[in-house]
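This report refers to the structure that appears directly beneath it.
The values are calculated or read from the model by the stated rules, or taken from the named source; none is laboratory data. What you see is a predicted model, and the numbers here were worked out from it, not measured in a lab. When we count neighbours, we look across all protein chains shown, and the Cβ atoms used for this are built from the backbone with ideal geometry, even at glycine.
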Amino acid sequence: MLLTVLGCSGSSPGPRAACSGYLLEADGFLLGIELGNGTLAEMQAVRDPFALDALLFSHLHPDHCADFSALTVLRRYHPAPTRDPRANRLPVYAPRDAPDRFVAAYSPDEADRATEDLTDVYEFHPLADGIVHIGPFEVTVATATHPCDAYSFRIVHGGRSLVYTGDTGVSPTLDKLAKGADTVLADTSWTHAASRQRDMHLSGVEAGQLAQAAGTGRLLVTHVLPWTDGAAVLAEAGEEFAGPIQLVVQGESFEI
Ligand SMILES: [Zn+2]
Ligand SMILES: [Zn+2]
């Protein structure tokens, strides 16, 4: 699997830094994971958005899905799409409120919302705990600890595994999901300061402990808030996790 970072700024974009968005590719299948603010611009710099075969959303906070409306405009109005978006509606795996959420974000007024459902160019699949197959990927979906309907994912292909925590606090469910994963891509928003919010995001210490307890092969730190010192977050994670660890950067790719 090839993982590409379209954006990794946590909760809000930073200077020339998009929010959460990733591409995961295997067997010629291109899966988009999250589509936060700024990620569609980055995607067009590296890939054709019409090459997407499916989209997967952990939850519906804007920093994970704000560019969905922009993708809708592109899919509806681009004069020369490389793949017909109506004959090939894009499968969207997302929390069950996604159709309403995306219609509300796209439609400018109540009259428009009354007739809009976005199903001309998308096909919505609500997420629930369990296993879902998306193209060549087996995705284990597990409820995250976050103040809304939110999920973490374990994505397996060809005997390799990637755990993407999404936004989450610590939990036994997450510990179990991450067990033995080759790579853990972890929401690591802030340092382990006593003032941090609980049941929301992982601190560097918590991400390091997660990776260490899971015996993961590699920890990728992401979703650091733009006003947080990424080096400090990385350093405290590194004190807990003995394996390879890295702060991801927009535009970077990783073989999983
Ligand atoms: Zn977030
Ligand atoms: Zn969130």
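Quick grid of which residues meet (1) over 15 Å from VAL248 (Cβ atoms); (2) within 15 Å of ligand 2 (Cβ to nearest atom):
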| site | (1), (2) |
| --- | --- |
| ASP120 | yes, no |
| VAL132 | yes, no |
| PHE153 | yes, yes |
| THR165 | no, yes |
| ARG196 | yes, yes |
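Under the condition of being in a helix (DSSP H, G or I) and of a type in the set (D, E, K, R), which residue from the stretch 31-80 is farthest from ligand 1 (Cβ to nearest atom)?
My answer is ARG76.
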Return a yes/no flag: does the stretch 20-28 have any residue that is at pLDDT 95 or above, in a loop (DSSP other than H, G, I, E, B) and on the phi > 0 side of the Ramachandran plot. yes
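Could you list, in sequence order, all residues of the stretch 41-60 that are away from ligand 2 (no atom under 16 Å from the Cβ) and hydrophobic (A, V, I, L, M, F, W, C)?
Correct list: ALA41, MET43, ALA45, VAL46, PHE50, ALA51, LEU52, ALA54, LEU55.
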Scanning the stretch 160-205 for residues that are free of Cβ contacts under 8 Å to residues at least 24 places away in the same chain and either closer than 18 Å to LEU31 by Cα or within 16 Å of ligand 1 (Cβ to nearest atom) (or both), which turns out surrounded by the fewest Cβ atoms within 10 Å (Cβ to Cβ)? GLN197
Just wondering, is there one or more residues in the stretch 103-114 that are more than 24 Å from SER171 (Cβ to Cβ), in contact (Cβ under 8 Å) with a residue 12 or more places away in the chain and out of contact with any Lys or Arg (no Cβ under 7 Å at 6 or more places or on another chain)? yes
The lone exception for THR188 - which of (1) more than 15 Å from the chain's Cα centre (by Cα); (2) among the polar types (S, T, N, Q); (3) within 16 Å of ligand 2 (Cβ to nearest atom) it fails: (1)
